[in-house]
1. Suppose the filter is crowded, with 16+ Cβ neighbours inside 10 Å, of a type in the set (S, T, N, Q), part of a helix (DSSP H, G or I) and modelled with pLDDT under 95; does residue 81 pass it?
2. When both residues are 6+ apart or on different chains and their Cβ atoms are under 9 Å apart, which pairs have a first residue that lies in the range 123-139 and is in the same structural domain as residue 85 (by TED's automatic domain parsing) and surrounded by 13 or more Cβ atoms within 10 Å (Cβ to Cβ), and a second that is assigned to a helix (DSSP H, G or I) and among the basic types (Lys, Arg)?
3. How many residues does the range 120-164 contain that are among the small types (Gly, Ala, Ser) and touching a helix residue (DSSP H, G or I) at 6+ places or on another chain (Cβ under 8 Å)?
4. Sort out which residues of the range 140-164 are part of a loop (DSSP other than H, G, I, E, B) and without any contact (Cβ under 8 Å) to a residue 40 or more places away in the chain, and write them in order of number.
5. Which members of the range 23-60 meet the condition of being part of a loop (DSSP other than H, G, I, E, B) and either in contact with an Asp or Glu (Cβ under 7 Å, 6 or more places away or on another chain) or modelled with pLDDT under 95 (or both)?
Amino acid sequence: MAGTVWILSLLVVALFFLAVKRKDGSHRMGIKIGASMFYNYLPVLILAFLAAGLLEVVLPAASVRYWLGAESGWRGILIGSGAGMLVAAGPYVSFPIFASIAQSGAGIGTVVALITSWSVMSLSKLPFETVLLGTRFTFARISLVLLIPVVAGFLAQILFTGII
């Protein structure tokens with residue numbers, strides 16, 4: 001996490017100096033916009049991290065390991081792929097929950113499948129996609145990415161644990 005903090009700090013400093021260089025008050029406007037976003041998202045972030053922490057202590061570790069652990073093999077990867085499609089939240093909410101599931105004993109293959117499925121298959125986006133891009137497009141995209149979470153989870157499990 002320290003590396004991420006350093007990278008973001010350098011990015012903020014570089015962007016700040018680029019905005020100052022414009023000499024039009026952009027740096028002040030950028031800070032105001034950033035502060036506004038922070039205050040708007042703060043309740044969501046607090047609730048997401050509280051939910052993730054509570055999820056970690058509420059989920060029985062033995063059940064998580066049985067259903068989602070590295071030893072669960074295909075079962076865990078398929079559950080992760082299916083569950084990822086059902087997560088209807090943005091990254092600020094989803095990733096703390098995914099991290100909590102991982103820390104509760106889920107295998108790397110399951111977590112990779114979960115996150116990949118959330119990224120490419122989220123059912124909450126389907127109504128918007130269908131209305132704006134059409135049924136044909138939605139069907140084409142879904143049919144092309146359907147197996148990606150399973151394959152990604154399987155490869156992660158094999159490459160990083162050797163268990164399947």
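1. Working: crowded, with 16+ Cβ neighbours inside 10 Å: yes; of a type in the set (S, T, N, Q): yes; part of a helix (DSSP H, G or I): yes; modelled with pLDDT under 95: no.
So residue 81 does not fit the description; no.
2. Cβ pairs passing all conditions: 129/141.
3. Our first condition is that a residue be among the small types (Gly, Ala, Ser); within the range 120-164, this holds for 122, 124, 134, 140, 143, 152-153, 156, 162.
From what's left, touching a helix residue (DSSP H, G or I) at 6+ places or on another chain (Cβ under 8 Å): 122, 152-153, 156.
Qualifying residue count, the range 120-164: 4.
4. Going through the range 140-164, the residues part of a loop (DSSP other than H, G, I, E, B) turn out to be 146-147, 162-164.
Residues satisfying the conditions are 146, 147, 162.
5. Initially, the range 23-60 is screened for residues part of a loop (DSSP other than H, G, I, E, B), giving 23-25, 59-60.
Matches in the range 23-60: 23, 25, 59, 60.
The values are calculated or read from the model by the stated rules, or taken from the named source; none is laboratory data. In this text the structure is predicted, and so the values were computed from the model without any measurement. Methodologically, a virtual Cβ is constructed for each residue, glycine included, from the backbone with ideal geometry; neighbour enumeration extends over all protein chains shown.
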